[in-house]
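One structure below.
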Amino acid sequence: ELFATTSALLVLAESQCSAFGSSSTIAPFSIARGRGSAESTTTSLHIFGNLKGAFGNDESLGKVDSTPGLKGGPNVSECTINGKPVKAVAGQKVSQVAAAARVKITYSCKKGDCGTCEVMQNGRITKACQAKINSGKCDIRTL
């Protein structure tokens, strides 16, 4: 009875696979029927056989670079806030750099309208909420 049910399921699976136009090759396995006897039948439908090369490397893209990450790293600026050297990337907001350095700057609107967050950056008064770190040397002083 177990063999008949298993065989019926295999025939059903094979007919379903052929209904979708797939050529199925079914790998063999053994069903034990009592002691010492085994009958060979198959179950594998190979539905994903067409995806074998889907995740392979595309040779038309060129040679693979063995060094991942940024080429040359970020554009780091030599920056000081109130004389304290800090790490900063060119283009980063002054407010972010000051917060990372634990330098207190008072903010009100954070839009650049009120002028509460004014700092001296390289000799010019700028608003810390809008100003960005320039490339090269950068000296920032709170007012």
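Here are the numbers:
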quantity: Selection from the range 130-143 of residues that are assigned to a strand (DSSP E or B) and open to solvent by 60 Å² or more (accessible area, probe 1.4 Å); calculated: K132, K137, R141
quantity: Residue count for the range 109-129, restricted to those that are part of a loop (DSSP other than H, G, I, E, B) and open to solvent by less than 90 Å² (accessible area, probe 1.4 Å); calculated: 10
quantity: Selection from the range 42-79 of residues that are in contact with a Cys (Cβ under 9 Å, 6 or more places away or on another chain) and either modelled with pLDDT under 75 or open to solvent by 40 Å² or more (accessible area, probe 1.4 Å) (or both); calculated: L45, H46, I47, E78
quantity: For I125: the one exception among (1) touching an Asp or Glu at 6+ places or on another chain (Cβ under 6 Å); (2) touching a residue at least 24 places away in the same chain (Cβ under 8 Å); calculated: (2)
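The values are calculated or read from the model by the stated rules, or taken from the named source; none is laboratory data. All of these numbers come straight from a predicted model, not from anything done at the bench. Note: ideal-geometry Cβ built from the backbone for every residue, glycine included; neighbour counts use all protein chains shown. Ligands, DNA and RNA are excluded from the accessible area calculation, which covers all protein heavy atoms including side chains. Shrake-Rupley method; radii C 1.70, N 1.55, O 1.52, S 1.80 Å.
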